[in-house]
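Notes follow once the structure below has been shown.
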Amino acid sequence: MTMVETPPPLPVRDKATAPDRTAGALSPMLRRLAEEQATGILVREHGTLHLAEGRVVHAESRHSPGLDVLLTAHGTLATAAWRRAARQSDGPADAARLLLAEGLLPEGALELCHLDALYDAGYFTLSPSSTPGRFRYGSATRPGPLPSVPVIALERETLRRRLRLHRLWPDPAADSAPLIRAAPAAAAPVTPRARAVLDRVDGVRTALEIARDLGRQAFHTLVDVRRLAAAGLVRPTPAAPVPPMVPPAPPLTVTDPDIALLKRLRDALEAL
C-alpha cells in the first residue's frame, strides 16, 4: 500500500508584524514626525497638518471646506452661533469646543464633522507638491474632546481615495478646472446627490467651489464630478489656445554700399 504524506501547512503571514508598505509613501517627513511623537504644525503646499504627540488633531486646506462650513451648511448649527463663537476663540477647533460646552452643538455631530473635515483637508494636504514641507515644533491645536487620527490612518485613507478617483475616471482635469455641461446623445440617469452637483455646473465654478457651495466634503464632490465625467455629462473647460510663436526677425545686415552712403550722410551733416 502506498503511503501519502500530508503536506505541511503553508506559511501564513502575520499581519501584525508585516511591514506596512504605505508608511511614509506620501510624506517621509510626516512619518518621521509620527515616529518621534512630535508636536507642531506641518506646512505643505496645499494645506497644513496639526500634530500632537505624533497624531493628527486638525487639518486645513484652501481646497477643502472647513469645519464651520460642514457644521452650518445643513442646519446642524446656526451660522450666527458659529460666528459668535469664532470671535471668542483662537480657531475653529476652539470655537467648536466652546459651542460644545454651551450645549449648542451635539458631541456626536461635532466629532463626525471634525473627522470629515480632517480627512478631507488631509487628502489635499498630502497631494503631490512642488515644494518641500516645513515643520514648526511647538504647541498644536489642543484635541480636547475631538478625536485625533494616527498618521498611518490618514496616509492609508488618502491612498484609498486616490485609487477610488482613478478607477472612476482616470483624467484629473475635472478636479480643478471650471466645469461645463457636455451634450451626450443619451443623457445617463444621475442620483439626486449628483444632480445637485450637475445643477451648479455653469462654466465658471470648479468642483471645489461647488463643494463649498453645497456644504459638502470636497473629496466626495470630486467623486460625483468624476462619475459625471465618466457618464459624459460634464467636462472641464478647454484650455485657452496658446498663441502661435512669432519667428524672430532676421538679423540686420549692412553691405559696403550702405556703409559708404552712411558716411556721405554723416559728412553732409557735419558740413552744415
message = Counting just the Cα atoms, what span does segment 28-167 cover along each of its three principal axes? Round to the nearest Å and put the largest first.
response = 40, 38, 24
key: Extension gain, residue 164 back to residue 182 (0.36 nm per residue minus Cα-Cα distance, nm)   = 4.2 nm
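Output the peptides 74-83, 220-229 sorted from most to least packed, where packing is the average of other Cβ atoms within 10 Å over each peptide's residues.
The peptides rank, most packed first, as 220-229, 74-83.
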query = Summing Lys, Arg as +1 and Asp, Glu as -1, what charge do residues with Cβ under 11 Å from the Cβ of residue 135 carry, residue 135 excluded?
reply = +3
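Quick note: the coordinates plus some simple rules give every number you see, no bench work behind them. Computed from a prediction, not measured in an experiment: that's the story for all the values here. Counting neighbours? That spans all protein chains shown, and the Cβs are built from the backbone with ideal geometry, glycine included.
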